[in-house]
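Quick note: the coordinates plus some simple rules give every number you see, no bench work behind them. This one's a predicted model, so the numbers in the text were calculated from it and none came from an experiment. With ideal geometry, Cβ positions are generated from the backbone for all residues, glycine too; neighbour counts draw on all protein chains shown.
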Amino acid sequence: MKVFKLCFLLFLILICNTANAVVQTLRVAVVFDTFSTNYTAIERTNITNNIINNLNASFNGSGLGSYINFTLAINTTDSISVAGDTLDYLKFKYSVNPSLAGGIKAVRLTLHKIQKNYTADVVIGIVKPSNWLTTSICGTSVNIPNTSQITNTFPTVASLLKKGDDGILFLNARDTCLSRVYLTAHEVGHTFGLHHGVSVAIYNNDWSHYPTSILIGTGAGGYGKAGTSSYDYGTIMTAFNLGLSEAKKDNRFSDKTAYKCGTFDNQICGDTSSDAVSIIKANAQYYNQRGAWYTYW
Ligand SMILES: [Zn+2]
């Protein structure tokens, strides 16, 4: 009788564990640069709330709401840029891995410190670069994890996707940038290992937008149609890189199984090379371990 009860209990545990996929809640730190921005506390709160709300809307709208959601860890100000560094320069500064001391990562720069203190999986630096009014660049992620980065220290794709500094990105504090509902989801998508994809590579005749040999997965690209008709459309990772207006971009990640894109919400949202939703579902648990990077790895 006791054996039967034990078996029944184990059976229930098994059922519960498989039936309820755990939603990965990613903690977001939003850091406003004290050198180049001077928002009021209310303005910072509004911008921060928009970022979190837009992120969750993009992921929910992509059918990823039961896999990933975003919550605010901290909204703060700190010194990020010096003399209005460009976004490219900030990316360069942060792309050098923080040093390791006895297997524990050492804090090197402002956003590392905040990431550690608040165990943030996503760290967003809001800055006005020196060319903030003229540059076409509204955001940049420090690194797009890819298989060329596999080393003895990071022997698997999963280990790359857990890296804390792969969760750091910068946004240009220009109203016309921050008002883009897709902007943060696009940059977070890059930190998840997603590239712009085949349609952008063809549109720009530049295959760095879909580097097949180093992708973390075949579907790690955005989907879109450009230059064919007035009904052209894009997804989050193709976004502005196809020259489409805001109204012509679906607030969705590419998905080869969904016919929910385009002007009438009935066009396919992806194909084999553009299946970001599958990539994100498969790796959600790793993206959620970036905040712990400073305490163990
Ligand atoms: Zn991009």
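Just need a number here: residues in segment 215-250 that are on the phi > 0 side of the Ramachandran plot and loosely packed, with under 13 Cβ neighbours inside 10 Å.
Matching residues across segment 215-250 total 1.
Considering only residues of segment 177-191 that are more than 10 Å from the ligand (Cβ to nearest atom) and under 8 Å from the mean Cα position of the chain (by Cα), which is nearest to Ser159 (Cα to Cα)?
Among those that are more than 10 Å from the ligand (Cβ to nearest atom) and under 8 Å from the mean Cα position of the chain (by Cα), it is Thr191.
Within segment 145-182, how many residues turn out to be small (Gly, Ala, Ser) and farther than 18 Å from Ile279 by Cα? So that I can check it myself, show each step before the final result.
Within segment 145-182, the subset small (Gly, Ala, Ser) is 148, 158-159, 164, 167, 173, 179.
Those still in the list that are farther than 18 Å from Ile279 by Cα too: 164, 173, 179.
Residues that pass the stated criteria total 3.
Do we have any residue at all in segment 265-275 that's in contact with a helix residue (DSSP H, G or I) (Cβ under 9 Å, 6 or more places away or on another chain) and over 16 Å from Gly63 (Cβ atoms)? Step through it out loud before you land on a result.
Going residue by residue through segment 265-275, those that are in contact with a helix residue (DSSP H, G or I) (Cβ under 9 Å, 6 or more places away or on another chain) are 269-271, 273-274.
Within this subset, residues satisfying the condition of being over 16 Å from Gly63 (Cβ atoms) are 271, 273.
Yes: segment 265-275 contains one or more residues that are in contact with a helix residue (DSSP H, G or I) (Cβ under 9 Å, 6 or more places away or on another chain) and over 16 Å from Gly63 (Cβ atoms).
When you scan segment 109-117, do you find a residue that is hydroxyl-bearing (Ser, Thr, Tyr) and assigned to a loop (DSSP other than H, G, I, E, B), even just one?
No, every residue in segment 109-117 fails to be hydroxyl-bearing (Ser, Thr, Tyr) and assigned to a loop (DSSP other than H, G, I, E, B).
Quick check on segment 259-271. Is at least one of its residues surrounded by 17 or more Cβ atoms within 10 Å (Cβ to Cβ), more than 16 Å from the ligand (Cβ to nearest atom) and under 21 Å from Asn146 (Cβ atoms)?
Yes, the conditions are met somewhere in segment 259-271.
Per-residue answers, yes or no, for (1) of a type in the set (Phe, Trp, Tyr); (2) free of Cβ contacts under 8 Å to residues at least 12 places away in the same chain; (3) assigned to a strand (DSSP E or B):
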residue: Val123; (1), (2), (3): no, no, yes
residue: Thr134; (1), (2), (3): no, yes, no
residue: Ile137; (1), (2), (3): no, no, no
residue: Ser148; (1), (2), (3): no, no, no
residue: Phe154; (1), (2), (3): yes, yes, no
residue: Leu169; (1), (2), (3): no, no, yes
residue: Ala185; (1), (2), (3): no, no, no
residue: His190; (1), (2), (3): no, no, no
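Take segment 192-227 and flag every residue that is part of a helix (DSSP H, G or I) and either in contact with a helix residue (DSSP H, G or I) (Cβ under 7 Å, 6 or more places away or on another chain) or within 13 Å of the ligand (Cβ to nearest atom) (or both).
Matches in segment 192-227: Ser199, Val200, Ala201, Tyr203, Asn204, Trp207, Ser208, His209.
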